[in-house]
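Comments concern the structure below.
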Number of protein chains: 4
Amino acid sequence: MTFPAPLTGVVPPVCTPLTEEGEVDVPSLLRLVEHLVEGGVHGLFVLGSTSEAAYLTDRQRRQVVEAVVGHVGGQLPVLAGAIDMATARVLDHVEAVTKAGAQAVVVTAPFYARAAHPAEIARHYRRIAEAGPVPVVAYDIPVSVPTRLPAALVLELAAEGVLAGLKDSSGDLAGFREVVTGARKDPATAAFSVLTGSEVIMDAALAVGADGAVPGFANVDPHGYVRLYRLARAGDWDGARAEQDRLCGLFGMTRVGDPARMGPGSSALGAFKTALHLRGVIDCPATADPQIPLSPEETARVRTFLADAGLL
Amino acid sequence: MTFPAPLTGVVPPVCTPLTEEGEVDVPSLLRLVEHLVEGGVHGLFVLGSTSEAAYLTDRQRRQVVEAVVGHVGGQLPVLAGAIDMATARVLDHVEAVTKAGAQAVVVTAPFYARAAHPAEIARHYRRIAEAGPVPVVAYDIPVSVPTRLPAALVLELAAEGVLAGLKDSSGDLAGFREVVTGARKDPATAAFSVLTGSEVIMDAALAVGADGAVPGFANVDPHGYVRLYRLARAGDWDGARAEQDRLCGLFGMTRVGDPARMGPGSSALGAFKTALHLRGVIDCPATADPQIPLSPEETARVRTFLADAGLL
Amino acid sequence: MTFPAPLTGVVPPVCTPLTEEGEVDVPSLLRLVEHLVEGGVHGLFVLGSTSEAAYLTDRQRRQVVEAVVGHVGGQLPVLAGAIDMATARVLDHVEAVTKAGAQAVVVTAPFYARAAHPAEIARHYRRIAEAGPVPVVAYDIPVSVPTRLPAALVLELAAEGVLAGLKDSSGDLAGFREVVTGARKDPATAAFSVLTGSEVIMDAALAVGADGAVPGFANVDPHGYVRLYRLARAGDWDGARAEQDRLCGLFGMTRVGDPARMGPGSSALGAFKTALHLRGVIDCPATADPQIPLSPEETARVRTFLADAGLL
Amino acid sequence: MTFPAPLTGVVPPVCTPLTEEGEVDVPSLLRLVEHLVEGGVHGLFVLGSTSEAAYLTDRQRRQVVEAVVGHVGGQLPVLAGAIDMATARVLDHVEAVTKAGAQAVVVTAPFYARAAHPAEIARHYRRIAEAGPVPVVAYDIPVSVPTRLPAALVLELAAEGVLAGLKDSSGDLAGFREVVTGARKDPATAAFSVLTGSEVIMDAALAVGADGAVPGFANVDPHGYVRLYRLARAGDWDGARAEQDRLCGLFGMTRVGDPARMGPGSSALGAFKTALHLRGVIDCPATADPQIPLSPEETARVRTFLADAGLL
């Protein structure tokens, strides 16, 4: 299939189910993909932050792309993260994931590396676009990569054809709007795809003109996010808001983890995977080291959230 | 050779010379190692931040460790960075670098990954120490990894035998002192090695009790840093301060890069490699993508710094 | 007049016109108030950040409140900032502004003072509410006060009756939504007023349920912000978005200042006051020391923005 | 007396004893001043961060300066903080404290105000120096004022005669050294005073060339800090380090406060005042609102620290 330009709709970052031993659980992964496809999603994003890409070895990353691409076989666009510290390392991942069949790559600014100047970020994306065989989507996720992607730079690289889209997980709707509005004004960026990574202000992002969303929490309730997308597309903003408010309530499960025992990442990914486990989608709720697993009490609280939402 | 416990002295993070094409220039790398050994250094740290580890592919990283270990052949302790985002990826690097002969590994807290809780950091280091065959040195470098390593946690992991040392590149001498003092008080941590990563307050770090230093700028002037170390060890603090002040002046070269064109990382690493090139140690001053190269004018300023210091 | 509960609508933070000598220009201030009242605003907020409260002396602050309260004489609710570092100093301002006639006070978390723990923030607001004769609106403005106000804490203090509202200038719509949704769920907080401080995502804030907005840029185009508010209240979200997009374009004037010469604050406040001067509302575009004034070229660019918008 | 140029020695920021009702306890304040003078300190700094300047009203600030200046009557230089958000407000404090007899003022970069550009900071200090009748000491305290004072800017303003000194509470010894070294190189800045605000690396700051120190913890043990200063001046660096290490151990009392109940500021200032109370210097350990008081258990731990140090 041709990669859509612009990419639109709900494109969840796919969780990576693991076994107790920390290996990729491929059958669970494929069941999760089925669960998302049945939910009506418009694409799949593997090896993103929600996929625990930072925690997976190169071998495991390859396994994930091959399994998912092999399974959806051209039904849906599959994007893959090529998450690494700087240009050459990213290019190795680009090669690996495109060889495995990914149709676009998602790439952050350099991190760890001290290369946060706009000229350095531009050079990074230009090198990757030159060398890479597939569209490049920029990924702005300050919780993981402190270097922000300035709107002006994103639009410049979009107009040059270096970037095919932006996944914005910053929560900064004002900056997001700047990119959306800028891209709409210029025919050179008409096909540029502006996607929000937020689970809790997706309605607002669509209202300001987003092409779509990459909500991690859609792993747990894909139907909800697809419904929200359709309501927004139909111009039913009150309906969209009501659905979003419902999802925001459910999203409260990401805070079940005791902050005395774990950080917010362990809590959120633990809740995602626990919910998928309780819903019968995946076999084991394990998250990768060094994340801290949810306790039985915390697991019970996730169950209550699901039960209250009629998702059990 | 047995890895020293504690590791002491000047252990420079070795720059990685590159060709114009961005490949590791092994002959230049070995000349650089010779230059350092002749300078009197007490160990070598490959694949650190100054080595551009974040920019090198896995293949290039392997090349570096193999070349350096093969060359120094047990004369000097060789530590290698195992720099990656989370536990499983770090363990892959630990395996690679120890197979290539590194005698200790240097490991940061998780980054990109959201795992900054003390319990998550502790789990990270414990897993790596359990699985790894060599001593683990913790690496606190907030300019690259925002998660700081609290003194109390470092001392706890040291007492457990999980950590063999700390390389502290935070510039926070008060926190550094806390670790030094804490480690000296407890017989269980008598062999724990506390190393500063600072090039400009190494005299102060030694005065508060550091075992040694890992100064990136020692690539350019190893004799100076070794002299400084010896003066400090001899209790000649005024002499040590004078040598440090001289090195601080020379270190001004790291700021030659125009901030309108590049970030401080491009400027500093560009100056290191340009100086090594001008001193005839390496063949090419290239830094890895997406760093911005120094201009001819900036190169000329590096030359002036060297000339004024009698290093040409 | 009774202070409305909840406060709703467009409540601009009123700029403080200054003379060339840096004194409050009361006639210009009253013309600005007229301009806002004619624009249809629903209240006035004096001594906020946009009012340069941080730059005004206590004498000047008093002058501002007295002039504005004296002029609007109960026509419109007048809120006043009581912006200072910690509890006792804030209470002195509360006393001064309420004596001068302000009907509510707007108070941040402590700053400069190291008192950022939730227990310390709660104690701060409780003391102020106990001692103060008027409703207290919390002010979350991370660009000025790094300590954020957690949603749970705001809701707790709202339910206690300590806080009458929140002005959120964080730009973090997800956190804002949490407060809105939380306040709506609890009868105890039915009259709690949730106001956005954003000029560029006011439509989105209203869509998620904000009671109103405190947009600094409404000084320049009050009619636009009032129109936007009315469209949103009428449920015409497409109309609201179009008006917001128009205002966002105009808001581009806040970036005319050359970043080599000044920071973003000098640029934004300089543009506000220059626009008010060019529109004939105030006599002099001066901003308070140590802000840097706009150059003639930068002033010309503000004029172009206004001309293109038909505001000259 | 003439204000010394450069100011040297131990110049403690004087705590402000309060009554249970939160008023300045002048008799205790004067006993504290006596305690410091007997300890051998070389100057006094009132209305600094340790003095809770951020928490004191203008009336209380005036009371403090008048009491202290009246008491020491020209025996010792008295500096006073003029801590406020921007230029005009600072100038009001400068007037108040100099009228009350302070011989120099200590001034931070603007805060809350968005004026962090070097050109804005320079304008701030130039205005204050022009208008003010006494020497101006710049105050770099990132824990309270996020805007750092770049070394190059400090040296430029020093050479211009705008600044008479720097109090650096950043803990960044590398930046501190840059100022010290830069000031020593230029005859125009020979009388510029570079003071560290650190309690725990004062020996290191003196070793790199500091003129003196402004250690908050000297309230509790002035004799220790004076001893440390003399040892350093005598070139007995090992003795200085031993004294500093002893003081660092005692300084552990600043962490007695339970982090579940309070922030680090409440804990540190609470410990200072509790120690002064237990030592019989001040009548009441109360800290200003909204700080959280130490519990009886926490107070007992402070007592143990003092007892172990022979300070009871």
- prompt: If you go through segment A:174-214, how many residues are of a type in the set (Asp, Glu) and assigned to a loop (DSSP other than H, G, I, E, B)?
  reply: 3
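Would you be able to tell me the number of residues in segment A:95-125 that are within 12 Å of chain B (Cβ to nearest Cβ), within 22 Å of residue A:45 (Cα to Cα) and in a helix (DSSP H, G or I)? If you could, list the steps in order and put the result at the bottom.
Here is the first cut: in segment A:95-125, the ones within 12 Å of chain B (Cβ to nearest Cβ) are A:95-96, A:107-125.
Now drop any that are not within 22 Å of residue A:45 (Cα to Cα), which leaves A:95-96, A:107-111, A:124-125.
If we keep only those that are in a helix (DSSP H, G or I) as well, we get A:95-96, A:124-125.
Of the residues in segment A:95-125, 4 are within 12 Å of chain B (Cβ to nearest Cβ), within 22 Å of residue A:45 (Cα to Cα) and in a helix (DSSP H, G or I).
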- prompt: What tally of residues in segment C:179-195 results from selecting those that are within 23 Å of residue A:172 (Cβ to Cβ) and within 11 Å of chain A (Cβ to nearest Cβ)?
  reply: 3
Positions within segment C:222-264 being over 22 Å from residue C:306 (Cα atoms) and over 23 Å from the mean Cα position of the chain (by Cα), in sequence order: C:234, C:235, C:236, C:237, C:238, C:260, C:261
query: What are the residues in segment B:4-42 that are on the phi > 0 side of the Ramachandran plot and away from chain A (no Cβ under 14 Å), if any?
result: B:9, B:40
message: For the condition touching a Cys at 6+ places or on another chain (Cβ under 8 Å) and farther than 25 Å from residue A:225 by Cα, what is the one hit in A:19, A:98?
response: A:19
field: Residue under evaluation residue B:217, criteria (1) in a helix (DSSP H, G or I); (2) free of Cβ contacts under 8 Å to residues at least 40 places away in the same chain; (3) away from chain A (no Cβ under 14 Å), criterion not met
entry: (2)
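Looking only at segment A:278-291, decide whether some residue is assigned to a helix (DSSP H, G or I) and closer than 30 Å to residue B:147 by Cα.
No, there is no match, as no residue in segment A:278-291 is assigned to a helix (DSSP H, G or I) and closer than 30 Å to residue B:147 by Cα.
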query: Is at least one residue of segment A:189-209 touching a strand residue (DSSP E or B) at 6+ places or on another chain (Cβ under 6 Å), among the hydrophobic types (A, V, I, L, M, F, W, C) and more than 27 Å from residue C:246 (Cβ to Cβ)?
result: no
- prompt: Based on what the data block shows, is residue A:198 within 13 Å of another protein chain (Cβ to nearest Cβ), crowded, with 24+ Cβ neighbours inside 10 Å, within 30 Å of residue C:181 (Cβ to Cβ) and hydroxyl-bearing (Ser, Thr, Tyr)?
  reply: yes
- line: Reported set for segment B:126-136 where residues are closer than 18 Å to residue B:66 by Cα and either at pLDDT 95 or above or within 12 Å of another protein chain (Cβ to nearest Cβ) (or both) is B:134
- line: Only unsatisfied item for residue C:84, checking (1) touching a residue at least 24 places away in the same chain (Cβ under 8 Å); (2) within 24 Å of residue C:3 (Cα to Cα), is (1)
The listed residue being touching a residue at least 12 places away in the same chain (Cβ under 8 Å) and outside any helix (DSSP H, G or I), out of D:6, D:27: D:6
field: Matching residues, segment C:50-74, being within 14 Å of another protein chain (Cβ to nearest Cβ), in a helix (DSSP H, G or I) and in contact (Cβ under 8 Å) with a residue 40 or more places away in the chain
entry: C:54, C:55, C:60, C:64
message: Suppose we filter B:287, B:254 for residues that are among the β-branched types (Val, Ile, Thr), buried (at least 18 other Cβ atoms within 10 Å of the Cβ), touching a residue at least 40 places away in the same chain (Cβ under 8 Å) and within 13 Å of chain A (Cβ to nearest Cβ); which single one remains?
response: B:287
query: In the set A:90, A:78, A:65, which member is aliphatic (A, V, I, L, M), buried (at least 20 other Cβ atoms within 10 Å of the Cβ) and over 16 Å from the mean Cα position of the chain (by Cα)?
result: A:90
message: Every residue in segment A:238-247 that is facing chain C (nearest Cβ under 10 Å) and either crowded, with 21+ Cβ neighbours inside 10 Å or in contact with a strand residue (DSSP E or B) (Cβ under 6 Å, 6 or more places away or on another chain) (or both), please.
response: A:240, A:241, A:244
field: Selected residue (only one of C:278, C:294, C:311 is of a type in the set (A, V, I, L, M), more than 20 Å from residue C:54 (Cβ to Cβ) and without any contact (Cβ under 8 Å) to a residue 60 or more places away in the chain)
entry: C:278
- prompt: Which residue, of D:87, D:50, D:57, is touching a His at 6+ places or on another chain (Cβ under 7 Å) and among the hydroxyl-bearing types (Ser, Thr, Tyr)?
  reply: D:87
field: Unique match (being surrounded by fewer than 19 Cβ atoms within 10 Å (Cβ to Cβ) and either out of contact with any helix residue (DSSP H, G or I) (no Cβ under 7 Å at 6 or more places or on another chain) or not aliphatic (A, V, I, L, M) (or both)) among C:52, C:34
entry: C:34
field: In segment A:11-30, residue surrounded by the fewest Cβ atoms within 10 Å (Cβ to Cβ) [restricted to those that are under 19 Å from residue A:222 (Cβ atoms) and among the hydrophobic types (A, V, I, L, M, F, W, C)]
entry: A:30
task: Go through segment C:201-214 and count every residue that is under 16 Å from the mean Cα position of the chain (by Cα), small (Gly, Ala, Ser) and within 10 Å of chain A (Cβ to nearest Cβ).
output: 1
task: Write out, first by first residue and then by second, each pair whose Cβ atoms fall under 7 Å of each other, whose residues are 6+ apart or on separate chains, and whose first residue, in segment A:144-158, is touching a residue at least 12 places away in the same chain (Cβ under 8 Å) while the second is basic (Lys, Arg).
output: A:144/B:114
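Can you tell me which residues in segment A:145-169 are part of a loop (DSSP other than H, G, I, E, B), within 14 Å of chain C (Cβ to nearest Cβ) and surrounded by fewer than 19 Cβ atoms within 10 Å (Cβ to Cβ)?
Scanning segment A:145-169 gives A:148, A:150.
The values are calculated or read from the model by the stated rules, or taken from the named source; none is laboratory data. Please read all numbers here as calculations on a predicted model, not as lab measurements. All Cβ positions, even for glycine, are placed from backbone atoms using ideal geometry, and neighbour counts span all protein chains on display.
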